[in-house]
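Report on the following structure.
The values are calculated or read from the model by the stated rules, or taken from the named source; none is laboratory data. Just so it is clear, the structure is predicted and the values come from calculations on it, not from any experiment. With ideal geometry, Cβ positions are generated from the backbone for all residues, glycine too; neighbour counts draw on all protein chains shown.
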């Protein structure tokens, strides 16, 4: 396996064989066979997950692992070539799927060691019939170009031998000759195509002759291949369910041509394993319609021997009632679902009665702290790294391969310039390509994690905690046209793209939320948008007299640098509140984003100094005056603890070991004040410092843990 892809050994392993070797029958990167797990039916594998989990990188690496050893093709359903027809080509003679089939066949025909180039006479015949529906004698140059590209799919000779393409040029000339008159051209084009395939002048005329008769089985063709192709062309132009029907036969033609290339003892002896088709962004029309055709045919008993690996953004296909082309759409409700780890040695997959049961949905896990350590170390080889940097990077990114890779690259470029925190690495400029100027790393990440529109709105709503507070924020801070519909649309988008939900946060993923909040803070020089959003939420929760509302309000007070309200609340509630609830409130309030001190107008007045460490270590205790009638020791201890948790859980800074040790001491001392629940605070004093330094989230100890340690 290419060690650039950490944490993906379950797919690329060779001994024992991983998922790829067991399905393809060929070891990755090697021209050596491997036993098949599935001899008959093959699962259509769909790698699922949110943005940044490395699905595209996985498919790219699969192509590299098998290219030159077996036929392999990779398409991206969101490529511009699948978005719409080329200029001057009528939409009735083009579809994303037809374009995808052409592209896939061209790649599958690429050179493979020890085997002839694969030709696609069935597919070429069908695509010519479809394209002819958009031709006329008024656009000969376009017709020549389109016809030659399609006809080259039928050429089995290598482009290196000097003869490839000559046959296609001859056939194009014959096709042009049929268009010397006005009127419909589909029928004469089809007739000329079938003649060319049957005359024996094709470079693989025997296969071409057999393929020319394949369309006699098209519904209502009555055994006449010419009529079959005419019907196919008409169905395609009709759009709706008729086009879906025609597209399904085009996919079937592609797979039949591949089966033909592997038929016979001689052919089989020159080819190891199975052909591989890789479909990125399979939720886009080109990929989705391709997948649906394959799954439906396999359900109907029409087998093929192609291994499909696809990448899906999110964990389910959007359940739209109609295909863009008008046919019924398929969600993956009945697909078998596994994690990548679970398919390391066997898939445990068995097809059911429905088309979607023919799919195997494999969710990609985030990378581990060890993976992060290795990636950061490899990228920053030769640099002296802060010891907490890899673990803090994993804590911030949650194991996102994209996040880890880009932060590691920022560390390589910015640590020598003096960057000393993850916040500095995110705001520092990073050049991801030599031909582009550097940009702040957080902007590069957001461009990839939240492409397209609505980034501005999502940036503001990242401060919200649920739909209700998001609606309030939208009313106060976003344009009138956005409103409730915009909030619901963003909520739906986050879910569809695989971002996790989390109680108490409108944007549930901590990494995405941290990036959005960082962007919000840097939207303007005086941080006016930042302050306005938090003040709007303080006002919103100020109207509610509940425990949760108080926590939310204090969280936003703290984000604006107002500390005393939080200290007062935690100090006064400590003697009577359930200790577990009190610790939970402490963690939530202290999860407020921190930015160095500014005056009320947003001006930086202290050079960006982080005050939390000094407060947490007690360096400012002497200057603090507790309110009259308040236990000064408790007041100062709660104040230190709040700042300690605030610093140690901040994803944008490196945890300070001295602060962790002082937090341990203050929690121990607090446990003495609540003897009836000493164990919870004592357990936190033991777990929290080590968890913080290791980049793990701080959690509330459970009662059963208390009894076990008691």
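Tabulated values for the structure
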{"item": "Breaking point among (1) farther than 28 Å from residue 318 by Cβ; (2) surrounded by 22 or more Cβ atoms within 10 Å (Cβ to Cβ); (3) modelled with pLDDT under 95, for residue 88", "result": "(2)"}
{"item": "Identity of the residue in region 207-223, under 17 Å from residue 128 (Cα atoms) and without any contact (Cβ under 8 Å) to a residue 40 or more places away in the chain, that ends up surrounded by the most Cβ atoms within 10 Å (Cβ to Cβ)", "result": "218"}
{"item": "Filter result for the condition that a residue is within 18 Å of residue 477 (Cβ to Cβ) and in contact with a strand residue (DSSP E or B) (Cβ under 7 Å, 6 or more places away or on another chain), over 522, 555, 527, 534", "result": "527"}
{"item": "Exclusive hit being part of a helix (DSSP H, G or I) and in contact with a strand residue (DSSP E or B) (Cβ under 9 Å, 6 or more places away or on another chain), set 128, 101, 58", "result": "58"}
{"item": "Subset of region 489-517 (residues that are over 22 Å from residue 592 (Cβ atoms) and touching a residue at least 40 places away in the same chain (Cβ under 8 Å))", "result": "495, 496, 497, 498"}
{"item": "Residue 146 touching a helix residue (DSSP H, G or I) at 6+ places or on another chain (Cβ under 9 Å) and surrounded by fewer than 19 Cβ atoms within 10 Å (Cβ to Cβ)", "result": "no"}
{"item": "Test: residue in region 105-115 that is under 23 Å from the mean Cα position of the chain (by Cα) and under 30 Å from residue 448 (Cα atoms)", "result": "no"}
{"item": "Count of residues meeting criterion [more than 15 Å from the chain's Cα centre (by Cα), within 25 Å of residue 358 (Cβ to Cβ) and touching a residue at least 60 places away in the same chain (Cβ under 8 Å)] in region 46-66", "result": "4"}
{"item": "Answer from 698, 667, 648 - the residue that is touching a residue at least 60 places away in the same chain (Cβ under 8 Å) and surrounded by 15 or more Cβ atoms within 10 Å (Cβ to Cβ)", "result": "698"}
{"item": "Residue match in region 180-187 (condition: modelled with pLDDT under 85 and either part of a helix (DSSP H, G or I) or touching a helix residue (DSSP H, G or I) at 6+ places or on another chain (Cβ under 7 Å) (or both))", "result": "yes"}
{"item": "Of residues in region 339-376 being buried (at least 21 other Cβ atoms within 10 Å of the Cβ) and free of Cβ contacts under 8 Å to residues at least 40 places away in the same chain, the one nearest to residue 48 (Cα to Cα)", "result": "372"}
{"item": "Candidates 407, 425, 415, filtered to the one that is surrounded by fewer than 24 Cβ atoms within 10 Å (Cβ to Cβ) and not assigned by TED's automatic domain parsing to the domain that holds residue 609", "result": "415"}
{"item": "Residues located in region 596-629, provided they are in contact with a helix residue (DSSP H, G or I) (Cβ under 7 Å, 6 or more places away or on another chain) and at pLDDT 65 or above", "result": "612, 613, 615, 616, 617, 618, 620, 621, 624, 626"}
{"item": "Tally, over region 619-665, of residues that are closer than 30 Å to residue 426 by Cβ and part of a loop (DSSP other than H, G, I, E, B)", "result": "10"}
{"item": "The listed residue being farther than 30 Å from residue 138 by Cα and over 25 Å from the mean Cα position of the chain (by Cα), out of 35, 86, 90", "result": "35"}
{"item": "Hey, residue 532 surrounded by fewer than 22 Cβ atoms within 10 Å (Cβ to Cβ), under 38 Å from the mean Cα position of the chain (by Cα) and not assigned by TED's automatic domain parsing to the domain that holds residue 441 or not", "result": "yes"}
{"item": "Number of the exception - residue 72 against (1) closer than 30 Å to residue 446 by Cα; (2) in contact with a strand residue (DSSP E or B) (Cβ under 6 Å, 6 or more places away or on another chain); (3) surrounded by 20 or more Cβ atoms within 10 Å (Cβ to Cβ)", "result": "(1)"}
{"item": "Identity of the residue in region 488-498, surrounded by fewer than 19 Cβ atoms within 10 Å (Cβ to Cβ) and out of contact with any strand residue (DSSP E or B) (no Cβ under 9 Å at 6 or more places or on another chain), that ends up farthest from residue 283 (Cα to Cα)", "result": "488"}
{"item": "Count of residues meeting criterion [touching a residue at least 40 places away in the same chain (Cβ under 8 Å) and at negative phi] in region 80-105", "result": "16"}
{"item": "Failed item in (1) under 21 Å from residue 55 (Cα atoms); (2) at pLDDT 95 or above; (3) surrounded by fewer than 16 Cβ atoms within 10 Å (Cβ to Cβ), with residue 442 passing the rest", "result": "(3)"}
{"item": "Residue check for residue 566: touching a helix residue (DSSP H, G or I) at 6+ places or on another chain (Cβ under 9 Å), closer than 25 Å to residue 396 by Cα and touching a residue at least 40 places away in the same chain (Cβ under 8 Å)", "result": "yes"}
{"item": "Lone qualifier among 464, 431, 501, 485 - being closer than 18 Å to residue 591 by Cβ and surrounded by fewer than 22 Cβ atoms within 10 Å (Cβ to Cβ)", "result": "501"}
